[in-house]
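> Sharing a structure below in structure tokens format, with a few things to ask.
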Amino acid sequence: LTPGERGGVLHEALKHLFSSLKNSDQIKALTALDREVLIEAAADEAARGVKASVRERVGLSALDLERQRLSGILAAWLEVEGNRDTSFTVELNEEPLEWDCEGLNLSLKVDRVDRLSTGQRVIIDYKSSAGQTATDWSQSPLKSPQLPCYSQVIANVETIAIAQVSMNEPGYLTLGADIGLDDADKKNQKALDRAGISELADLKDQWLADLRSLVSAFVDGSATPTPSPSACRYCHYTSICRAHVASEWD
């Protein structure tokens, strides 16, 4: 499977898992057998959802290996979720959203939204590897607009979070209010201090201005490149692109 296909299968497995587990109480109450049954069911369902063309290309042996990988990752992730000491309910799970911005209709899909016992909402985006920092959200212009964009559509968002769902150092990267996970909450407070803000609300007006600027530029046909190593690795034109010789590349 390609990295994109593996990411898609992981998202499907998480969707099925949190369709069964609706809140933190259910997660904490799981027995070892319950956990194993739910994990295997989610991994099986995700593997069955692979397109026929992909299934024919990779073969059943590769899909069996993928099932095993998913089971290990989901087990590690449930450990993370079970360690959160703030109660939460899974309010949205792979939910489609619509947002009209500057004359453009944006079709979005949020991976997950948790509602904390305080009434605050946490927007969660699943990633299979680390690749972002909190400064991606606190600087202007925005480097990573996805979660700030969701926060304009969903009410009472107090925290945005990247969920690094992997076998290697699974955990959360957050910006905003605490989510009940000591390590993530400590890093979150340091990020807020570095950005010079006390809460996520301090950034929302800045985000809206940045998002409107991005959308307006797109509608106007602006094609000014903004190269970066993290973005350019997905481009097919590296052999003819001269961005790497620009002084600001570093």
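> Taking region 155-181 only, how many residues are open to solvent by 20 Å² or more (accessible area, probe 1.4 Å) and more than 28 Å from G72 (Cα to Cα)?
4
> Looking at region 144-155, can you tell me whether even one residue there is closer than 30 Å to R67 by Cβ and over 17 Å from the mean Cα position of the chain (by Cα)?
No, region 144-155 contains no residue that is closer than 30 Å to R67 by Cβ and over 17 Å from the mean Cα position of the chain (by Cα).
> Follow-up question, since we're still on this one. What are the residues in region 191-216 that are closer than 12 Å to C149 by Cα, among the aliphatic types (A, V, I, L, M) and open to solvent by 50 Å² or more (accessible area, probe 1.4 Å), if any?
Matches in region 191-216: A209, L214.
> Of everything in region 141-153, what is touching a helix residue (DSSP H, G or I) at 6+ places or on another chain (Cβ under 9 Å) and either aliphatic (A, V, I, L, M) or not in a helix (DSSP H, G or I) (or both)? Give them in sequence order. Spell out the reasoning first.
Filtering region 141-153 for residues touching a helix residue (DSSP H, G or I) at 6+ places or on another chain (Cβ under 9 Å) gives 141-145, 147-149, 151-152.
Passing the criteria: P141, L142, K143, S144, P145, L147.
> While we're looking at this one, here's another question. Just checking, does region 131-140 include any residue being open to solvent by 30 Å² or more (accessible area, probe 1.4 Å), modelled with pLDDT of 90 or more and either assigned to a strand (DSSP E or B) or under 17 Å from Q206 (Cα atoms) (or both)?
Within region 131-140, not a single residue is open to solvent by 30 Å² or more (accessible area, probe 1.4 Å), modelled with pLDDT of 90 or more and either assigned to a strand (DSSP E or B) or under 17 Å from Q206 (Cα atoms) (or both).
> Being small (G, A, S), open to solvent by less than 40 Å² (accessible area, probe 1.4 Å) and under 28 Å from G119 (Cα atoms) is the requirement here; does A29 meet it?
Details: small (G, A, S): yes; open to solvent by less than 40 Å² (accessible area, probe 1.4 Å): no; under 28 Å from G119 (Cα atoms): yes.
The answer is no for A29.
Yes or no, residue by residue, for (1) touching an Asp or Glu at 6+ places or on another chain (Cβ under 6 Å); (2) surrounded by 17 or more Cβ atoms within 10 Å (Cβ to Cβ); (3) at pLDDT 95 or above:
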{"residue": "I39", "(1), (2), (3)": "no, yes, yes"}
{"residue": "G49", "(1), (2), (3)": "yes, no, no"}
{"residue": "R57", "(1), (2), (3)": "no, no, no"}
{"residue": "L92", "(1), (2), (3)": "no, yes, yes"}
{"residue": "G103", "(1), (2), (3)": "no, no, no"}
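> Quick check: anything in region 234-247 exposed (fewer than 10 other Cβ atoms within 10 Å of the Cβ), more than 25 Å from the chain's Cα centre (by Cα) and assigned to a helix (DSSP H, G or I)?
Step one: filter region 234-247 for residues exposed (fewer than 10 other Cβ atoms within 10 Å of the Cβ), giving 234, 236-237, 239-240, 242, 245, 247.
Going one step further and asking which of them are more than 25 Å from the chain's Cα centre (by Cα), we end up with 237, 239-240, 242, 245, 247.
Then drop every residue that is not assigned to a helix (DSSP H, G or I), which leaves 245, 247.
The answer is yes; a qualifying residue exists.
> So the check is Cβ under 7 Å with 6+ separation or different chains; which pairs have a first residue in region 11-28 that's under 9 Å from A46 (Cα atoms) and touching a residue at least 40 places away in the same chain (Cβ under 8 Å) and a second one that's part of a helix (DSSP H, G or I) and open to solvent by less than 60 Å² (accessible area, probe 1.4 Å)?
What qualifies is A13/A42; A13/A43; A13/A46; A13/L70; A13/L74.
> If you don't mind, there's one more thing I want to ask. Restricting to region 194-229, name every residue that is of a type outside the set (S, T, Y) and in a loop (DSSP other than H, G, I, E, B).
First, pick out the residues of region 194-229 that are of a type outside the set (S, T, Y): 194-197, 199-212, 214-215, 217-221, 223, 225, 227, 229.
Correct list: G196, I197, E199, L200, D220, G221, A223, P225, P227.
> I would also like to ask the following. Considering each residue of region 173-186, count those that are of a type outside the set (G, A, S), out of contact with any helix residue (DSSP H, G or I) (no Cβ under 6 Å at 6 or more places or on another chain) and within 22 Å of Y150 (Cα to Cα), and give that number.
3
> May I pose another question? Output the residues belonging to region 59-89 that are among the β-branched types (V, I, T) and either open to solvent by less than 20 Å² (accessible area, probe 1.4 Å) or in contact with a Cys (Cβ under 8 Å, 6 or more places away or on another chain) (or both).
Within region 59-89, I73, V80 qualify.
> Kindly provide the set of residues from region 23-70 that are among the polar types (S, T, N, Q), within 26 Å of E91 (Cβ to Cβ) and assigned to a helix (DSSP H, G or I), ordered by number.
Matches in region 23-70: S24, Q26.
The values are calculated or read from the model by the stated rules, or taken from the named source; none is laboratory data. Predicted model only: the values in this text are computed from it and were never measured. When we count neighbours, we look across all protein chains shown, and the Cβ atoms used for this are built from the backbone with ideal geometry, even at glycine. In case anyone asks, the SASA skips ligands and DNA or RNA and just uses the protein heavy atoms, side chains included. Shrake-Rupley method; radii C 1.70, N 1.55, O 1.52, S 1.80 Å.
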